[in-house]
Amino acid sequence: MGSNILTIIYLLASVTFILGLKMLSSPATARRGNLIAAAGMVLAIIGTIFLYTDEDGERLHNYGWIFGGLVVGGSVGVIAARKVKMTAMPEMVSLFNGMGGACAALISIVEFNHLIRPFAINMRRLMGEGEFIRSHVNIPTGFGAGGQWSILLIIFAGLIIGSVSFAGSIVAWGKLNGRIKDYSFKGQHFVNISLLMLAVGIAAYIIFSFRSDLTIDLANISVTAGSSAPSYAKPLFYTVFGLAIFYGIFFVLPIGGADMPVVISLLNSFTGVAAACGGFLYDNKAMLTGGILVGAAGTLLTILMCRAMNRSLKNVLVGNFGGAGVAAPGTKREQGHYREIALSDAALLMSYAHKVMIVPGYGLAVAQAQHVCHELEKLLTEKGVEVKYAIHPVAGRMPGHMNVLLAEADVSYDKLLELEQANAEFPTTDVVIVLGANDVVNPAARNDPASPIYGMPILDVELAKTCIVNKRSMKPGYAGIENELFFRPKTAMLFGDAKKALQELIGEIKNL
Amino acid sequence: MHHILSWIGVHQQMIYIVILMVFLGIEVIGRVPAVLHTPLMSGANAIHGVVIIGAIIVMGKAESDNYIALGLGFLAVVLGTLNVVGGFVVTDRMLEMFKKRK
């Protein structure tokens, strides 16, 4: 009875996950979709706690520990998620993703420890019940014939994927908040591949050696019942765990900060697959559905992001950005001079324009300038200037990062133009103001085949009459490449922190 | 070989689910506008928090004298809950801002 109800609960949960994900992909229903999925999750958690029974019909115990964990994790989670600034959202997502990966890896560790002494446990329990010893002989047969190796395989898959996701997410988190710098050394890709191969190889070795060991066990069940695992299995298991952690770290370390959204999305789908491993392990359909759903959707999202930058996933992961940057100096040419613009001139230019287009980038997020930016937009609109925003799909550190940021500042939805719309409007725009964006407006993407970002669709800000670029300095953007735009005759530079510069600009416009 | 075949036979239901979910996951996400990419990623992040179910099972099955299993299981429950709760709350916060504008 209880287990049938639990089956229905898991079914409901699976449906809410699918429905939630579907509703999340449409602006009108997104919030409800999120809540529906959350409700399904709560249902599944409560159902598991009170209704779950294992193969022997035994219920769960340790309720104190379970509820303790739920309360601790829940309250920390709520506080962290409520307190985090909008600009720090991407790294928060990465951090939570890492927690999920670690959770999957821990499950694998505990289950492995269970697995390497199944007979000892079973025998002890059955010994106590005396007469049942005979019937017990059948149980290991089933294990050896079909179960054991596949359980181990799933445990290792969960361990490796979960650990990689955990370590990678933590590095991605550190990179996004500036705690960890890009780091790469010669032959790193070779080292990475070796780490992974070694981890997989050792895992395969344990899986195979386990099998043969068990066959022997079956033959002399009464003699070797106490120990079934080779003694080296345990240290080797932890070696695999360590290797996977190192692989996760070295996998993300060389990838540039600008590519972190792609990496987080990929690690997100990894964690999904790791969760699905748990689904196989416990024959749990809700875990399987949720995990694979996220695994598939996350992979597609990753590919969509790469496509927006006109790069392949391989290109992102192998990290050609850094490599191309090193090779580039040979072809580097003199860029000429750039022109600076005074605040008062910029203010004048903008207040007498017909149409102003704002191009936000990561600089806006760093400076927390979204509110000031909205203020400028309102001020200009009052003066009869048409103001719009041009949003590049990969501006900022996550797709949609700018949309979220500007939404926080109450910028109206219809003022945000997507790439194609914006490009169609640039020729009729008087002033473009670029706020802390760089690579997404770099003309090299269109006319320099040697550039690492060649082929990426960009915002054609050059088509406008004037382009004011606000940056903190002349330092290149995250991709580490020079931007010709800054040296074009139509471009004027306005140096300074985006928030401060905008505040001063607003002051100047008011004084006009 | 025989092992693999029999394993597929035993787990065919699960395998069907995996294949169908792969297609469904791709289909469901395929039409998402770029605006919603970040919240969607965050929402998906919360959904893979189902791994918490596994953590609860591990925790609930641990013998009361097996401190390693208890400790690791507890940690797994905490981390899994963080993933679920944090994930859904962050997503809701993002979407809350989308809703304010008309």
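Read-outs: derived from the displayed coordinates by stated rules, not from any lab. Bear in mind the structure is a predicted one, so any value in this text is a computation, not a measurement. Because the Cβ atoms are built from the backbone with ideal geometry, glycine has one as well, and the counts that use them run over all protein chains shown.
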Item checked: Residue-averaged beta-carbon neighbours from other chains (10 angstrom radius) around A:441-450 -> 0
Margin query: Net charge around A:ALA353, counting only other residues with Cβ within less than 15 Å of its Cβ (Lys, Arg = +1; Asp, Glu = -1)?
Written below: -2
Next item on the list: From other protein chains only, count the Cβ atoms within 10 Å of every residue's Cβ in A:259-269, then give the mean.
Entry: 2
Notebook entry, point to check: What's the FRET efficiency of A:ASP56 with A:LEU12 using the Cβ-Cβ distance as r and R₀ = 30 Å, to the nearest 0.05?
Noted result: 0.70
Note to self: If each residue of separation counts as 0.36 nm, what is the full-extension length gain between B:ARG31 and B:MET1 once their alpha-carbon separation is subtracted?
What the structure shows: 6.7 nm
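If the limit is 30 Å between Cα atoms, which of A:LYS85/A:LYS415; A:LYS22/A:LYS181; A:LYS383/A:LYS490; A:LYS83/A:LYS499 go over it?
Working: A:LYS85/A:LYS415 24 Å; A:LYS22/A:LYS181 37 Å; A:LYS383/A:LYS490 24 Å; A:LYS83/A:LYS499 22 Å.
Beyond 30 Å: A:LYS22/A:LYS181.
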Notebook entry, point to check: What is the calculated FRET efficiency for A:ALA424 to A:GLN188, with r their C-beta to C-beta distance and R₀ = 51 Å, to the nearest 0.05?
Noted result: 0.75
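A:LEU236 to A:ARG179: FRET efficiency via 1/(1 + (r/R0)^6), r the Cβ-Cβ distance, R0 30 Å, to the nearest 0.05?
Numbers: r = 33 Å, r/R0 = 1.09.
With a Förster radius of 30 Å, E is 0.35.
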Item checked: Taking the convex hull of Cα positions in chain B, its mean projected area over all directions (nm²) -> 9.9
Next item on the list: Would you mind counting up the charge near A:ILE193? Only other residues with Cβ under 15 Å from its Cβ, with Lys and Arg at +1 and Asp and Glu at -1.
Entry: +2
Check: Pick from B:ILE47, B:ILE26, B:ILE15: which is most flexible by mean-square fluctuation in a GNM of chain B where alpha carbon atoms under 10 Å apart are linked?
Finding: B:ILE15
Check: Does anything in the range A:275-305 have its amide N under 16 Å from the 7 Å Cα→Cβ label point of B:LEU20, and if so which residues?
Finding: A:284-294
Notebook entry, point to check: Can you put A:HIS189, A:HIS392 in order, fewest other beta carbons within 10 Å first?
Noted result: A:HIS189, A:HIS392
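Can you give the local net charge around A:SER344? Use residues other than it whose beta-carbon is closer than 13 angstrom to its beta-carbon, Lys and Arg +1, Asp and Glu -1.
Working: positive: A:LYS510; negative: A:GLU340, A:ASP345, A:GLU504, A:GLU508.
Local net charge: -3.
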Notebook entry, point to check: Can you give me the relative contact order of the range B:33-102 as a percent, contacts being Cα pairs under 8 Å and 6 or more apart?
Noted result: 43
